[in-house]
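Below you'll find the structure, written out as structure tokens, and then a few comments.
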Amino acid sequence: MFDLTGKTALVTGGGRGLGLEMAKALAKAGAWTVINGRNRQSLEEVRERLAGEGILVGIAAGDIRREIGGILTQATERTGQLDILIHSVGERDRRGTREMEPHEFAELLNTDLTAAYSVARAALPFLLRSAAGRLIFVTSIAAFAARAGDPAYTAAKGGLSALTRSLAVELGSDNLTVNAIAPGWFATETNAHLAADPALQAFVELRIPLKRWGRPEEIAPAAVFLASSGASFVNGITLTVDGGMTVQM
């Protein structure tokens, strides 16, 4: 049910962090998986490291905001198909409304929301040719709950969950499911300094029922599930993976 053998997957932002963990999981489940990032040398280093672990992946270098056509060409050159697209690219600017100019707000929305739409639209011709296409966005628990001083990221991620629902309704009749994953607090390399902060650890123990940060590899099963035939009747949801943070009062 969760075997992805014969599938081709592209993970944007798949060269590090949660994107890399999801890409590794898809590859282990049998999919020919291509990871995307802006720096080819970094991607080559990741590919070599994974090969040493027995995990074979392809790479597609390029900036998804400007080079999505070339990225898709690279992603499909080996198999001629694309069955699974996980869009895991995003940026954050933790400035509040008093500090962030409108054009800066618009720039972050362009990166975190408009680019997701552009990527999905460009990939549609490939995904619709698949017998069971899967489009998966990576959003955030910021789609449901806000922190002060984070308006642009919160708006973008809320919009991405809404876009997920809209595309699910529009494309379901073409046998393409569209879902999203909303990670909570994960101890990725980017967040290592935060995870080591005793004050933040106290906050985590107070706010997350499991009383700990998520381990990066714990995002992977959600990606495999939504990409698999096991999720063939799952469409338009945002699957929250946050240790219970958003359900605790």
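Numerical summary
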read-out: Rg and Dmax of the chain, Cα atoms only, in Å; value: 17.5, 51
read-out: Under Karplus coefficients 6.51, -1.76 and 1.60, residue-wise ³J(HN,Hα) of the stretch 70-87 in Hz, glycine/proline x; value: x, 5, 5, 4, 5, 5, 9, 5, 7, 10, x, 9, 9, 9, 9, 10, 10, 9
read-out: For the chain, calculated [θ]222 nm from helices alone, where every DSSP H run of n ≥ 4 adds -39500 (n - 2.57); value: -12000 deg cm²/dmol
read-out: Sorted by Cβ density within 10 Å, fewest first, the residues 166, 161, 140; value: 166, 161, 140
read-out: Listed residues 235, 39, 110, most fluctuating in the chain (Gaussian network, C-alpha, under 10 Å); value: 39
read-out: Net charge contributed by nearby residues that have their C-beta within less than 15 Å of residue 123 (K/R +1, D/E -1); value: 0
read-out: In Hz, Karplus ³J(HN,Hα) per residue of the stretch 107-113 (6.51, -1.76, 1.60; θ = phi - 60°; x = Gly, Pro); value: 5, 5, 4, 4, 6, 8, 10
read-out: Per-residue HN-Hα couplings for the stretch 46-56 [Karplus 6.51, -1.76, 1.60; θ = phi - 60°; Hz; x = Gly/Pro]; value: 5, 4, 5, 5, 5, 4, x, 9, x, 10, 9
read-out: Built amide H within the under 5 Å cut-off of residue 186, gap 5+; value: 214
read-out: Relative contact order, percent, the stretch 121-249 [alpha-carbon distance under 8 Å, six or more residues apart]; value: 31
read-out: Under 14 Å, Cβ to Cβ, from residue 235 - net charge with Lys/Arg +1 and Asp/Glu -1; value: 0
read-out: Taking the C-alpha atoms of the stretch 31-118, convex hull volume expressed per residue in Å³; value: 116
read-out: Chain lengthening between residue 65 and residue 41 when straightened (0.36 nm per residue, less Cα-Cα); value: 6.7 nm
read-out: Pairs of alpha carbons in the stretch 183-249 whose separation is greater than 20 Å (percent); value: 37
read-out: Acute angle (nearest 10 degrees) that the helix 115-127 long axis makes with the longest principal axis of the chain, alpha-carbon atoms; value: 20
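Throughout, read-outs are computed from the coordinates displayed, never taken from laboratory work. Nothing here was measured: the structure is a model prediction, and the numbers come from that model. Cβ sites come from the backbone with ideal geometry, for glycine too, and all protein chains shown count toward neighbours.
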